[in-house]
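Report on one structure; see the data block that follows.
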Amino acid sequence: MEEQLVSYIQDKILVTDEEMETILSYFKPIKLKKNELLLTNGQTSQRTFFVANGCLRIFFINEEGQESTRYFAFENQFATALVSFITSEPSEEFIQAVEETEVYYITHKDFYHLLEIVPKWEKFYRIYLEIAYVTNTKRLMSFLVQDALEKYRQLLAENPIIVRRLSNKMVASYLNISQETLSRLKSKL
């Protein structure tokens, strides 16, 4: 399991064996049950997670009580409530294990400590932020310019694992459409 994290880091930055050992010493493994919440609205995001196996979901609940999913993190992806993680302000998001999930986590304090003691971690963080920015901007653009069918087609083209592994309810929440609309779209394609 740890090999996945090592591979992910090595894919982003070149570090010595000693630096990798230092980085890994700050990551802790945890096994999560299906539907287990790692963060709730109002808590401050104190950890970032690397998914070794399973899936994490980052979502909001609106005033009507409807869930809107912002992001799914599957194997070999990082996830956190990034705004809260950066600002140390209470999060408006929830983080939930969608299925039995194994993650490595690093605390906010340790993540920032690594920035001080492993200079190459700064580049890792920059790449992490760039990936998050591009992902979130593409999502925002799809909401602003695409209709439901276009969003679903794009999801099938770019991230079909979401449709294959998750319930219609979660897929609909991710696309910001009703389950009925999703069923109609599936029957059209």
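The values are calculated or read from the model by the stated rules, or taken from the named source; none is laboratory data. Just so it is clear, the model here is predicted, and its values are computed rather than measured. Please note: Cβ atoms are built from the backbone with ideal geometry, for glycine as well, and neighbour counts cover all protein chains shown.
So the values come out like this:
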| quantity | calculated |
| --- | --- |
| Every residue from region 81-112 that is farther than 14 Å from LEU38 by Cα and small (Gly, Ala, Ser) | SER88 |
| Residue check for PHE111: buried (at least 19 other Cβ atoms within 10 Å of the Cβ), under 15 Å from the mean Cα position of the chain (by Cα) and modelled with pLDDT of 95 or more | no |
| Residue within region 26-44 that is within 25 Å of ILE86 (Cβ to Cβ), without any contact (Cβ under 8 Å) to a residue 40 or more places away in the chain and surrounded by fewer than 13 Cβ atoms within 10 Å (Cβ to Cβ) present | no |
| So ARG139, is it over 21 Å from TYR8 (Cα atoms), touching a residue at least 60 places away in the same chain (Cβ under 8 Å) and assigned to a helix (DSSP H, G or I) | yes |
| Residue match in region 57-69 (condition: at pLDDT below 95 and small (Gly, Ala, Ser)) | yes |
| Qualifying residue in region 163-171 (condition: β-branched (Val, Ile, Thr) and within 25 Å of LEU38 (Cα to Cα)) | yes |
| Subset of region 88-108 that is farther than 12 Å from ASN41 by Cβ and of a type in the set (A, V, I, L, M) - its residue that is surrounded by the most Cβ atoms within 10 Å (Cβ to Cβ) | VAL103 |
| Subset of region 142-189 (residues that are in a helix (DSSP H, G or I), in contact (Cβ under 8 Å) with a residue 60 or more places away in the chain and either among the polar types (S, T, N, Q) or surrounded by 15 or more Cβ atoms within 10 Å (Cβ to Cβ) (or both)) | ILE162, ARG165, MET170, SER173, TYR174 |
| Any hit, region 64-71, residues being buried (at least 16 other Cβ atoms within 10 Å of the Cβ), outside any strand (DSSP E or B) and touching a strand residue (DSSP E or B) at 6+ places or on another chain (Cβ under 7 Å) | no |
| Selected residue (only one of PHE85, PHE60, PHE50 is surrounded by 17 or more Cβ atoms within 10 Å (Cβ to Cβ), within 15 Å of the chain's Cα centre (by Cα) and either aliphatic (A, V, I, L, M) or part of a strand (DSSP E or B) (or both)) | PHE50 |
